[in-house]
1. Using only Cα atoms and rounding to the nearest 10 degrees, what angle (0 to 90) does helix 29-40 make with the longest principal axis of the chain?
2. Helix 112-121 versus the longest principal axis of the chain: what is the Cα-based angle in degrees, 0 to 90, to the nearest 10?
3. I'd like to check one number: the per residue accessible area of the chain, probe 1.4 Å, reported in Å² as a whole number.
4. By how many degrees, between 0 and 90 and to the nearest 10, does the Cα long axis of helix 78-90 differ from the longest principal axis of the chain?
5. Taking all protein chains in place and a 1.4 Å probe, what share, in percent, of the accessible surface of region 7-107 do carbon and sulfur account for?
6. Could you please state how large a percent of the accessible area of region 112-194 is carbon and sulfur, counting protein chains only and using a 1.4 Å probe?
7. Which semi-axis lengths, in whole Å and largest first, follow from the square roots of five times the eigenvalues of the Cα gyration tensor of the chain?
8. Please give the charge dipole size of the chain, origin at the Cα centre, charges +1 on K and R Cβ atoms and -1 on D and E Cβ atoms. Round to the nearest 20 debye.
Amino acid sequence: MNLIFFLKSATVKLDRYTIKDIPGSSGRLDVISRCILSVILSNNDFERNVQIWVFLNRYGTFIFNPEFFNYKYFPKNELSFTDYFVDFLQRSSNKDKPLNPLNTLKKSKKGILEAIRHFQKLNYKLFILQEQGRDFFTLLDSIQEQENIVFILGSQEDEFLNSEELLTLKIPTLSFGSQSYLASSVIRLLKLYILGL
Ligand SMILES: C[S@@+](CC[C@H](N)C(=O)[O-])C[C@H]1O[C@@H](n2cnc3c(N)ncnc32)[C@H](O)[C@@H]1O
């Protein structure tokens, strides 16, 4: 089974970034970093057959696929990961950053709607994760039967998840209940129940 996570953020802004106050100075890039690490790391190795696509309004689309990275040098804690990711985002050319282990990160020209249509054409099953949606546990058996899935999550606000343009695509919504969880916790729950980790 291939699992792809889409995560969109309108808030990330790095003009005043300092490692001393990552949440306050980055527009909550810490939330995004936590999600990326939750998707691609497993016990002492990378997770297999997973990717996370991160859509940052101000910086573009970034594809984290473990196949692009060397586990030995990959920054595994939130602080060092975020600092390398900021370095990657703030520089325009790879030439200037010889020591960044995220140099092999792939950038995509696709916005989130185009990426959604791309995976629909490839016959992936797509789901939106939202507090108001169909009960995840009732649908778990049918989700586990899928070969290829894209899960679409919000990060800080749900503006995009509630947008007209997304609603018109009629993508089914899944819920872990009405309580609002951190996106990284939702990712862990999805991995736990679908991959049985
Ligand atoms: C912190 S929440 C987003 C903000 C929150 N909805 C609010 O009212 O401010 C992060 C993301 O995790 C997912 N999420 C959070 N709780 C969930 C739940 N109970 N069931 C399904 N997805 C959930 C959604 O995709 C949500 O956009």
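The values are calculated or read from the model by the stated rules, or taken from the named source; none is laboratory data. This one's a predicted model, so the numbers in the text were calculated from it and none came from an experiment. Glycine gets a Cβ as well: all are built from the backbone with ideal geometry, and neighbour counts include every protein chain shown. Heavy atoms of the whole protein, side chains included, go into the accessibility calculation; ligands, DNA and RNA do not. Shrake-Rupley method; radii C 1.70, N 1.55, O 1.52, S 1.80 Å.
1. For helix 29-40, the angle is close to 70 degrees.
2. Here the helix axis deviates by roughly 50 degrees.
3. 53
4. Helix 78-90 sits roughly 70 degrees off the main axis of the chain.
5. 47
6. 46
7. Value: 27, 19, 16 Å, ordered largest first.
8. So the dipole magnitude of the chain works out to roughly 640 debye.
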